[in-house]
Amino acid sequence: MMFTCTTPGCTDLAHGHGFTAARKGSAAAARARKRSVSTKLLRDRKGRSPRVDIHCHYLNRDAAAKLAHLNPAQYEPSVKYASALTREVNVKQMQDRAAKLSTIEVRLKDMDRMGVDIQAVSPAPQQTYYWTEPGLGAEVSRMVNDRLAEIVAKWPDRFVGLGTVPLQNVDLAVIELERCVKQLNLRGVEINPNVAGKELTDPSLNLDRFFAKARELDIVIFMHPIGFTQGDRLMDHYLNNVIGNPLDTTVGASHLIFGGVMERHPGLKIVLPHAGGFLAHYWARMDHAWRARPDCRTVIKKPPTGYLKKFYFDTITFDPEMLRNLIDKFGAAQVLLGTDYPFDMGEEDPVGLINSVPRLPSAEKERIMGGNAARLLKIRR
């Protein structure tokens with residue numbers, strides 16, 4: 001079904017001017033949204049399974065424009081803790097990649113070039129907007145999610161959607177999560193590793209209700225950072241991305257482990273980007289701390305790696321040996337192809353990276369390239 005922009009004079013689907021046209025489509029739009037990814041792209045003429053990208057982003061320009069007067073950059077660690085040169089480079093990147101971020105036709109060509117059949121497309125990470133007043137946060141979440149639903153409905157063979165919810169208010173977050181899944185047919189949500197600086201385990205947020213609902217709905221949670229919240233020492237050399245992004249993932253996931261979220265909600269499907277940050281390669285120190293110190297085992301009943309192994313990890317390591325180590329530690333079943341499209345810190349050749357991993361059997365390559373994601377996202381074969 002074709003969803004036409006409702007802004008006067010505009011016919012470009014990529015602009016994302018709301019979901020009005022889709023609502024007008026009524027029953028037809030609802031049927032389109034509920035369609036599963038069809039099977040026709042799930043096996044190409046060579047007989048392989050689909051290649052699914054778990055880590056890729058879409059920028060909703062209407063949501064960004066709605067909040068522009070509030071100067072969102074002041075709340076975003078990736079901007080707040082950045083040197084003048086880094087900000088200059090970032091502005092140029094956003095200008096150069098504007099079409100890739102928001103124009104689906106350009107994205108589809110890039111997917112074909114990269115060997116990606118299906119994207120599990122999530123919002124640009126800063127579009128969680130946790131710093132907003134809860135009612136406004138819920139409103140922009142709906143804008144972002146409605147646009148993702150349009151994209152999936154228009155190109156059901158190429159996209160599944162991961163939405164966003166206003167975690168600054170758990171009641172509104174649970175309502176929007178249910179809408180994402182039950183009405184929009186999104187397969188999960190993207191969250192940040194903290195909520196405007198508060199840990200996901202902060203009692204004031206009461207996010208156990210959110211995690212319980214996510215488990216009940218059996219959806220994917222993609223936990224993506226937007227720089228490290230205490231980034232004063234990381235402003236130069238793009239360090240608040242190079243180090244800060246994996247560090248924030250490490251801190252956020254550590255709180256989920258040590259704070260008991262993974263124990264209280266077994267079966268959560270949480271995907272960690274950038275190969276899990278530093279946790280995946282420095283896990284033994286957590287286990288040692290749990291054994292050595294009583295303050296590290298006030299909540300959880302077994303060593304931290306018992307919970308860490310329940311997470312899923314993308315392949316963005318930029319090195320075959322590092323990816324090999326990740327697979328060796330956590331198993332091929334926990335690793336998913338990712339690109340971070342369309343950003344400059346992404347993996348341009350995800351299939352080539354996986355194929356270059358030493359001593360990796362073909363069956364495991366197949367699972368990592370798409371089989372695991374298809375299972376988690378309920379993409380029918």
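The values are calculated or read from the model by the stated rules, or taken from the named source; none is laboratory data. Please read these numbers as outputs of a predicted model, since none were measured by experiment. Ideal geometry is used to build each Cβ from the backbone, glycine not excepted, and the neighbour counts take in all protein chains shown.
Criterion first (surrounded by fewer than 18 Cβ atoms within 10 Å (Cβ to Cβ), aliphatic (A, V, I, L, M) and touching an Asp or Glu at 6+ places or on another chain (Cβ under 8 Å)) does LEU217 satisfy it?
yes
Here is a list: ALA68, ALA14. Which entry is within 25 Å of the chain's Cα centre (by Cα), closer than 30 Å to VAL195 by Cβ and modelled with pLDDT of 95 or more?
Step by step, each of ALA68, ALA14 is checked, and only ALA68 is within 25 Å of the chain's Cα centre (by Cα), closer than 30 Å to VAL195 by Cβ and modelled with pLDDT of 95 or more.
Go through region 347-369 residue by residue and tally those that are within 24 Å of THR103 (Cα to Cα) and either in contact (Cβ under 8 Å) with a residue 60 or more places away in the chain or polar (S, T, N, Q) (or both).
4
Table: residues versus (1) buried (at least 16 other Cβ atoms within 10 Å of the Cβ); (2) without any contact (Cβ under 8 Å) to a residue 12 or more places away in the chain; (3) out of contact with any helix residue (DSSP H, G or I) (no Cβ under 6 Å at 6 or more places or on another chain).
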residue: PHE159; (1), (2), (3): yes, no, no
residue: LEU172; (1), (2), (3): yes, no, no
residue: GLU176; (1), (2), (3): yes, no, no
residue: GLN183; (1), (2), (3): no, no, yes
residue: VAL195; (1), (2), (3): yes, no, yes
residue: THR201; (1), (2), (3): yes, no, no
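Can you tell me which residues in region 267-314 are of a type in the set (S, T, N, Q) and surrounded by 13 or more Cβ atoms within 10 Å (Cβ to Cβ)?
Of everything in region 267-314, just one residue is of a type in the set (S, T, N, Q) and surrounded by 13 or more Cβ atoms within 10 Å (Cβ to Cβ), namely THR305.
Out of THR250, THR305, report the one residue that is among the β-branched types (Val, Ile, Thr), within 18 Å of GLU199 (Cα to Cα) and without any contact (Cβ under 8 Å) to a residue 40 or more places away in the chain.
Checking each option against the conditions leaves just THR250.
In region 47-58, is there at least one residue being among the charged types (D, E, K, R) and over 28 Å from THR317 (Cβ atoms)?
no
Could you please find all residues in region 289-306 being out of contact with any helix residue (DSSP H, G or I) (no Cβ under 6 Å at 6 or more places or on another chain) and under 18 Å from PHE330 (Cβ atoms)? Walk me through how you get there before you give the answer.
Of region 289-306, the ones out of contact with any helix residue (DSSP H, G or I) (no Cβ under 6 Å at 6 or more places or on another chain) are 291-295, 298-299, 301-302, 306.
Once the filter is applied, which keeps residues that are out of contact with any helix residue (DSSP H, G or I) (no Cβ under 6 Å at 6 or more places or on another chain) and under 18 Å from PHE330 (Cβ atoms), region 289-306 yields LYS302, GLY306.
So is GLY277 on the phi > 0 side of the Ramachandran plot and either at pLDDT 95 or above or of a type in the set (A, V, I, L, M, F, W, C) (or both) or not?
Against the criterion (on the phi > 0 side of the Ramachandran plot and either at pLDDT 95 or above or of a type in the set (A, V, I, L, M, F, W, C) (or both)), GLY277 qualifies.
Among the residues of region 333-352, how many are in a helix (DSSP H, G or I), surrounded by 21 or more Cβ atoms within 10 Å (Cβ to Cβ) and not polar (S, T, N, Q)?
The qualifying residues number 1.
Scan region 164-185 for residues that are out of contact with any Leu (no Cβ under 6 Å at 6 or more places or on another chain) and closer than 19 Å to VAL121 by Cα and report the count.
Total meeting the criteria: 9.
Name the pairs whose Cβ atoms lie under 9 Å apart, with the first residue in region 95-122 and on the phi > 0 side of the Ramachandran plot, the second assigned to a helix (DSSP H, G or I), and 6 or more positions between them or separate chains?
Correct list of pairs: GLY115/PRO350; GLY115/VAL351; GLY115/GLY352; GLY115/MET369.
Just to be sure before I move on: is ALA363 loosely packed, with under 14 Cβ neighbours inside 10 Å and assigned to a helix (DSSP H, G or I) in the structure I sent?
yes
I'm trying to understand the selection: among the residues of region 237-260, which are closer than 18 Å to PHE313 by Cα and touching a Phe, Trp or Tyr at 6+ places or on another chain (Cβ under 6 Å)?
GLY244, PRO246, LEU247, ASP248, THR250, ILE257
Could you check, for region 107-120, whether at least one of its residues is assigned to a loop (DSSP other than H, G, I, E, B) and crowded, with 19+ Cβ neighbours inside 10 Å?
Checked region 107-120: at least one residue is assigned to a loop (DSSP other than H, G, I, E, B) and crowded, with 19+ Cβ neighbours inside 10 Å.
Does MET262 fit the bill of being modelled with pLDDT of 95 or more, aliphatic (A, V, I, L, M), touching a His at 6+ places or on another chain (Cβ under 8 Å) and within 26 Å of GLY371 (Cβ to Cβ)?
Criteria not met by MET262.
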